[in-house]
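The values are calculated or read from the model by the stated rules, or taken from the named source; none is laboratory data. Only a predicted model underlies this, so the values are computations on that prediction, with no experimental measurement involved. Methodologically, a virtual Cβ is constructed for each residue, glycine included, from the backbone with ideal geometry; neighbour enumeration extends over all protein chains shown.
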Amino acid sequence: MKYVCSHCHREENITTRHAKCACGGLWQLDYRPPAFTADGIDRAEWSQFRYHRYMALNGDAWRAVSMGEGMTPVIRFDDDVLLKMDYLMPTLSFKDRGAAVLVAHCKSIGVEKVVQDSSGNAGNSVAAYCARAGIACEIFVPEGTSPKKINMIEAHGAIANVVPGSRDHCADVCRAKVETEGVYYANHVYNPFFYEGTKTYIYEVYEQLGRIPQHLIIPVGNGTLFLGVMQALEHLLASGVIAQMPTIIAVQSEYCDPLLRAAAQHASEAAAITPQPTIAEGIAIGEPMRGATILAYAAKYGVRFIHAPEEDILHARATLAARGIYCEHTTAANYAAYLYYCAQYGATPDCLITMCGAGLKSDH
């Protein structure tokens, strides 16, 4: 197992402290899991690491880092919609999937301090797992981030830096620290070990339902869930477990949609946009660093992009809450986008929507 540059294809050891290749390309993992079978699931492990046979893991550091993340229920919402309750995690968001694997990797190679930029959930997740692993942590978040998310970051002993300006500017400030100080960049976009966690979303769905639903609603900002989902679906397809890809419906904010615009133009790079303020803060990414990879998957598998209309998000959140599902704004945007998709294209049965963040984190 090694890193390979996505641009120049140079190989690098996974123990490197460099966040990216010298040419500027991002790392990809050169790892091919064995064919997926139910017999390969470690049923004695009650966490996402029951799929460790199919995950790129560097040793057994995950055993001391895991907090039982994963194994979230799938519930029926109505005749057409299933909800994957991924906010039922240690830090109340799906980002725990990736953070558990990434921090375990950091632990395995002896990293003592990390920095990361985030709209809140990923930063909170990395802070929590670093606390468990005994790794110092500093998180950069953009202004406007939910105060409750910042409180959670600090509660885990991490330093929280609130950066004026956009989410993309926040990332620039954090990356400048990485470049000048050489501290390890435990970032959910740059580091491919994060996707080894998010891909377990699909393994769980398949184990729980015995199939993959016909339609999957996936929010896409930086694409951390999307990329893990696509990797896992390709794995199931190559293993002969599923016969075809489901329809992937990728959600972008009405006010921040560089990938939706690019896909509409059949472009290979994210469109240049000026993001507008949105309550769907978790997908407010104007410059997705793995945009080309996301768009390549979209073109290959006919991914359909859809807006989450800004004016519909709070109504969607209230509708979910009235049925017992109390989620954050970005999560409600998934359901708002589903309803908008149905209005555009008609009934969309057998649809799985991720409930990726808990409501208590975004009451602001």
Legend entry - Count - residues of the stretch 120-145 that are surrounded by fewer than 24 Cβ atoms within 10 Å (Cβ to Cβ), touching a Lys or Arg at 6+ places or on another chain (Cβ under 6 Å) and small (Gly, Ala, Ser): 2
Legend entry - Check on GLU196, surrounded by fewer than 24 Cβ atoms within 10 Å (Cβ to Cβ), assigned to a helix (DSSP H, G or I) and in contact with a helix residue (DSSP H, G or I) (Cβ under 9 Å, 6 or more places away or on another chain): no
Inset, instruction - For the stretch 39-53, enumerate the residues that are among the aromatic types (Phe, Trp, Tyr) and in contact with a Lys or Arg (Cβ under 9 Å, 6 or more places away or on another chain). - result: PHE49, TYR51
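Name the one entry in ARG175, ARG167 that is buried (at least 18 other Cβ atoms within 10 Å of the Cβ), in contact (Cβ under 8 Å) with a residue 60 or more places away in the chain, over 18 Å from the mean Cα position of the chain (by Cα) and under 26 Å from PRO275 (Cα atoms).
Numbers: ARG167 fails: over 18 Å from the mean Cα position of the chain (by Cα).
After applying the criteria, what remains is ARG175.
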Inset, instruction - Just give me the residues in the stretch 330-364 being modelled with pLDDT of 95 or more, of a type in the set (Ser, Thr, Tyr) and not in a helix (DSSP H, G or I), in sequence order. - result: THR348, THR354
Inset, instruction - Please give the number of the condition ALA155 fails out of (1) more than 17 Å from the chain's Cα centre (by Cα); (2) of a type in the set (Gly, Ala, Ser); (3) in the same structural domain as ARG304 (by TED's automatic domain parsing); (4) within 19 Å of ALA128 (Cα to Cα). - result: (3)
Inset, instruction - Take MET85 and decide whether it is in contact with a strand residue (DSSP E or B) (Cβ under 8 Å, 6 or more places away or on another chain), surrounded by fewer than 19 Cβ atoms within 10 Å (Cβ to Cβ), outside the structural domain of GLU179 (by TED's automatic domain parsing) and over 30 Å from ALA176 (Cβ atoms). - result: yes
Inset, instruction - Could you tell me whether the stretch 333-343 includes any residue that is touching a residue at least 60 places away in the same chain (Cβ under 8 Å), in contact with a His (Cβ under 8 Å, 6 or more places away or on another chain), within 20 Å of PHE226 (Cβ to Cβ) and buried (at least 17 other Cβ atoms within 10 Å of the Cβ)? - result: yes
Inset, instruction - Would you tally the residues in the stretch 54-92 being under 21 Å from GLY123 (Cα atoms) and charged (D, E, K, R)? - result: 2
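Let me confirm something: among ALA99, ALA128, which residue is under 20 Å from VAL229 (Cα atoms) and assigned to a helix (DSSP H, G or I)? Explain how you work it out, then say what you get.
Values: ALA128 fails: under 20 Å from VAL229 (Cα atoms).
Residue meeting the stated conditions: ALA99.
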Inset, instruction - Among the candidates ILE135, ILE159, single out the residue that is of a type outside the set (Gly, Ala, Ser) and touching a residue at least 24 places away in the same chain (Cβ under 8 Å). - result: ILE135
Legend entry - Qualifying residues in the stretch 1-60 (those that are in contact with a Cys (Cβ under 7 Å, 6 or more places away or on another chain) and of a type in the set (A, V, I, L, M, F, W, C)) - the one farthest from LEU233 (Cα to Cα): CYS23
Legend entry - Residues of the stretch 221-239 classified as without any contact (Cβ under 8 Å) to a residue 60 or more places away in the chain and either more than 30 Å from ARG167 (Cβ to Cβ) or surrounded by fewer than 21 Cβ atoms within 10 Å (Cβ to Cβ) (or both), total: 3
Legend entry - Tally of residues being free of Cβ contacts under 8 Å to residues at least 24 places away in the same chain and not in a helix (DSSP H, G or I) across the stretch 11-51: 16
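Test of understanding: among GLY98, GLY123, which residue is under 21 Å from CYS170 (Cβ atoms) and at pLDDT below 95? Full working, then the answer.
Details: GLY98 fails: at pLDDT below 95.
From the options GLY98, GLY123, the qualifying one is GLY123.
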Inset, instruction - Out of ILE218, ILE279, ILE242, ILE249, report the one residue that is over 17 Å from the mean Cα position of the chain (by Cα), in contact (Cβ under 8 Å) with a residue 12 or more places away in the chain and either buried (at least 19 other Cβ atoms within 10 Å of the Cβ) or closer than 22 Å to ASP117 by Cα (or both). - result: ILE279
